[in-house]
Structures are given as C-alpha cells and as structure tokens.
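As structure tokens, the structure follows; a few thoughts come after it.
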C-alpha cells in the first residue's frame, strides 16, 4: 500500500499541504472559501523544530495508516475502520466524538474537529486519485510511496 511520506530536509514550512488538505475536505472545494468559510481543519500538520526562537526544521505529521491501528480498536462506535486497501477511515456519521482514537494514536495524527463533534485524519484523499498535499507540495517534500520506494527516495 502506498502511504504519504514527508521528507523534512525538503520541507519549506510553507503550509500548502495544510491548505490543500482543508480544501479537499471542505464542502466548497475552493481554496479561499475553504479557508475563510468552512470549519474544516487540516488532517496534515506542519510542526516546527525551533532553536533560539527560530524554526530550523519542519516536519509533517499525518496518519500512518498502521497495519494494526489502535484507533480502530479504540473506537467505541465503529466509525474508525480499515478498508481492504489498508486505508484507515473515519465515518463521520457514526463518530460520536468520544476522542478515544485521538488518545490512542501513537503519532498524534488524529485531531479533534473545531466543533469537537468528530475527528480529522488523513484519508489519502480517496476520490482525488492522489493526495492533494502530495500534488501541491512545491518542493516535492511530500510523496505518495510504497515501502520499497521510500528506501530509494532516502538515498
């Protein structure tokens, strides 16, 4: 299964991955409207590593679509599930907002929504063909790869 991998040595910290993630999950499907009018949060987050109050490095945090996802096991409503391709999904209609999945994710990749009624996590932009964070990263710091391709990309 291909997953989203971030290469922090290439990340500029521009935030376009977050912008396009919000857009993909917004009802508006327009960058400006998604940012200004919708209550959607990004499922991918840029974190900064600081030294003397200045960012020296950035890294991207997103769902790892684990082989044995703790979030699925912890979900009391059955909203979290893993499909046959290995993608971990959240059915927002079944989600009761208990945030059990948030508390058990070892990566901190699941976030509560702004209204705290459901969660936000990477779904690999199913339906777009390619995750929009990958497609719109200007420095090629985020890639959709399988495990074998990661080894090559790191060299």
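The values are calculated or read from the model by the stated rules, or taken from the named source; none is laboratory data. From a predicted model like this one, the values you see are computed outputs, not experimental measurements. Here the Cβ positions follow ideal geometry from the backbone for every residue, glycine too, while neighbour counts run over all protein chains shown.
What the table shows:
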quantity	calculated
Looking only at the range 11-23, and only at residues there that are in a loop (DSSP other than H, G, I, E, B) and modelled with pLDDT of 90 or more, the one that is farthest from residue 121 (Cα to Cα)	14
Hits in the range 65-100 - residues which are touching a residue at least 60 places away in the same chain (Cβ under 8 Å), surrounded by 13 or more Cβ atoms within 10 Å (Cβ to Cβ) and out of contact with any strand residue (DSSP E or B) (no Cβ under 7 Å at 6 or more places or on another chain)	86, 87
Failed item, numbered, when residue 103 is tested on (1) assigned to a helix (DSSP H, G or I); (2) in the same structural domain as residue 80 (by TED's automatic domain parsing); (3) out of contact with any helix residue (DSSP H, G or I) (no Cβ under 9 Å at 6 or more places or on another chain)	(3)
Filter result for residue 135 (touching a residue at least 24 places away in the same chain (Cβ under 8 Å) and either out of contact with any strand residue (DSSP E or B) (no Cβ under 6 Å at 6 or more places or on another chain) or loosely packed, with under 11 Cβ neighbours inside 10 Å (or both))	yes
Flag for residue 148 being surrounded by 11 or more Cβ atoms within 10 Å (Cβ to Cβ) and over 15 Å from the mean Cα position of the chain (by Cα)	no
Any chance residue 125 is within 11 Å of residue 4 (Cβ to Cβ) and touching a residue at least 12 places away in the same chain (Cβ under 8 Å)	yes
Only one of 57, 26 that is assigned by TED's automatic domain parsing to the domain that holds residue 135 and in a strand (DSSP E or B)	57
Residue match in the range 41-48 (condition: within 20 Å of residue 138 (Cα to Cα), in contact (Cβ under 8 Å) with a residue 12 or more places away in the chain, in a helix (DSSP H, G or I) and touching a helix residue (DSSP H, G or I) at 6+ places or on another chain (Cβ under 8 Å))	no
